[in-house]
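Below is one structure, written out as structure tokens, with a few remarks after it.
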Amino acid sequence: MELLVASAIGVLTAGGLYLVLRLRTFPVIMGISLLTYAVNVFLFASGQLTVGAGPILTDATTYADPLPQALVLTAIVISFGMTAVVVMIALGAYLGGDDDHVDDPKADPETGNAP
């Protein structure tokens with residue numbers, strides 16, 4: 001079970017980094033979302049993966065730690081809000097410049113200034 005979760009975290013992180021480096025607006029937003037999901041799964045897995053254990057402390061040996069669950073719930077809400085903000089900023093930049101490139105315009109090699 002731990003190998004599966006660790007592999008899922010690795011795949012989400014690799015996919016998120018690849019999309020962030022694409023230098024287009026929509027893939028960057030999707031890459032940030034994938035990185036957020038990877039961090040959420042990592043936080044959730046940090047509270048020990050216990051199968052069939054209740055979230056409330058009933059027995060000192062078998063219970064699920066509620067702190068990572070609360071952290072992940074808070075992170076989900078914050079990431080949803082930040083994704084909405086980033087989408088609106090990207091939409092405004094696209095409508096203002098008619099281009100969805102994330103990088104700066106090419107600089108003049110002689111002067112170093114943007115055209």
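The values are calculated or read from the model by the stated rules, or taken from the named source; none is laboratory data. The structure presented is a predicted model; accordingly, all values stated were derived computationally and were not measured. Every residue, glycine as well, gets a Cβ built from its backbone with ideal geometry; the counts of neighbours run over all protein chains shown. In case anyone asks, the SASA skips ligands and DNA or RNA and just uses the protein heavy atoms, side chains included. Shrake-Rupley method; radii C 1.70, N 1.55, O 1.52, S 1.80 Å.
Of the residues making up the stretch 55-66, those that are surrounded by 11 or more Cβ atoms within 10 Å (Cβ to Cβ) and modelled with pLDDT of 65 or more are T62, Y63, A64, D65, P66. Of all the residues in the stretch 1-32, those that are under 25 Å from L49 (Cα atoms) and open to solvent by less than 80 Å² (accessible area, probe 1.4 Å) number 11.
Quick check: is even one residue across the stretch 79-91 at pLDDT below 75, of a type in the set (G, A, S) and either closer than 29 Å to L3 by Cβ or open to solvent by less than 100 Å² (accessible area, probe 1.4 Å) (or both)? No, every residue in the stretch 79-91 fails to be at pLDDT below 75, of a type in the set (G, A, S) and either closer than 29 Å to L3 by Cβ or open to solvent by less than 100 Å² (accessible area, probe 1.4 Å) (or both). Cβ-Cβ distances below 8 Å connect the following pairs, each with a first residue in the stretch 76-103 that is among the acidic types (D, E), a second residue that is open to solvent by 70 Å² or more (accessible area, probe 1.4 Å), and a separation of six or more residues or different chains: D100/R24; D100/F26; D100/Y94; D103/L23.
Quick one: what pairs do we get from the stretch 32-48, first residue farther than 14 Å from F80 by Cβ, second open to solvent by less than 80 Å² (accessible area, probe 1.4 Å) and in a loop (DSSP other than H, G, I, E, B), C-beta under 7 Å, 6+ apart or different chains? Taking only residues 6 or more apart or on different chains, the pairs are G47/A64; G47/D65; Q48/D65.
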